[in-house]
Amino acid sequence: LRPAREGFALVVLCDEVNLPAPDAYGTQTAIALLRLIVEHGGFWRPGKGQWVRVSQIKFVAACNPPTDPGRHPLPPRFLRHAPVLFVDFPSEASLTRIYGAFNRALLRPHPALAGGAAAAAA
């Protein structure tokens, strides 16, 4: 299993990766599958008993802190394969600046409304 075009890579985004609840043995199935692919370069196809080799596929995962309701800590065996980057929620000043720039660009074709960009972002 790989991208159809040679020289290209496929990036798979796994959002809310820490949302699945662990089973009775503490395993999070989705994370176990990702770990299998990363560690062994593929996975077993269910029902066919066939190994599927995966190449030129990168995984990016996003999650909320495990302290949020419904979230679970990611297992260390999974985290050893991934650098962890924490991005906090932007401050109010940052959000005003981001949405102000967005609104100014959006309202640029409409000069009569352009003055309201800052107010719309606040």
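Can you list the strands (runs of 3 or more DSSP E) found entirely within the stretch 17-122 that contain at least 2 residues being without any contact (Cβ under 8 Å) to a residue 40 or more places away in the chain? Walk me through it before giving the result.
Values: elements: 42-45, 50-53, 57-62.
Passing ranges, in order: 42-45, 50-53.
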Test: residue in the stretch 45-66 that is at pLDDT below 85 and either within 30 Å of Gly7 (Cα to Cα) or out of contact with any Lys or Arg (no Cβ under 8 Å at 6 or more places or on another chain) (or both): yes
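Please go through the stretch 1-14 and pick out each residue that is open to solvent by 100 Å² or more (accessible area, probe 1.4 Å) and of a type outside the set (Gly, Ala, Ser).
Going residue by residue through the stretch 1-14, those that are open to solvent by 100 Å² or more (accessible area, probe 1.4 Å) are 1-2, 4-6, 8, 13.
Result: Leu1, Arg2, Arg5, Glu6, Phe8, Leu13.
Residues in the stretch 73-95: is at least one aromatic (Phe, Trp, Tyr) and open to solvent by 60 Å² or more (accessible area, probe 1.4 Å)?
Residues of the stretch 73-95 aromatic (Phe, Trp, Tyr): 78, 86, 89.
From what's left, open to solvent by 60 Å² or more (accessible area, probe 1.4 Å): 86, 89.
Yes, because at least one residue in the stretch 73-95 is aromatic (Phe, Trp, Tyr) and open to solvent by 60 Å² or more (accessible area, probe 1.4 Å).
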Count of the stretch 46-69 residues which are surrounded by 11 or more Cβ atoms within 10 Å (Cβ to Cβ) and more than 17 Å from the chain's Cα centre (by Cα): 6
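For Arg104, indicate whether it is open to solvent by 60 Å² or more (accessible area, probe 1.4 Å), out of contact with any strand residue (DSSP E or B) (no Cβ under 7 Å at 6 or more places or on another chain) and modelled with pLDDT of 90 or more.
Working: open to solvent by 60 Å² or more (accessible area, probe 1.4 Å): yes; out of contact with any strand residue (DSSP E or B) (no Cβ under 7 Å at 6 or more places or on another chain): yes; modelled with pLDDT of 90 or more: no.
Taking the combined requirement at face value, the residue does not satisfy it.
The values are calculated or read from the model by the stated rules, or taken from the named source; none is laboratory data. Owing to the predicted nature of the structure, the values given are computational and were not obtained by experimental measurement. Every residue, glycine as well, gets a Cβ built from its backbone with ideal geometry; the counts of neighbours run over all protein chains shown. Note: accessible area is taken over every heavy atom of the protein model, side chains too, but ligands, DNA and RNA are not part of it. Shrake-Rupley method; radii C 1.70, N 1.55, O 1.52, S 1.80 Å.
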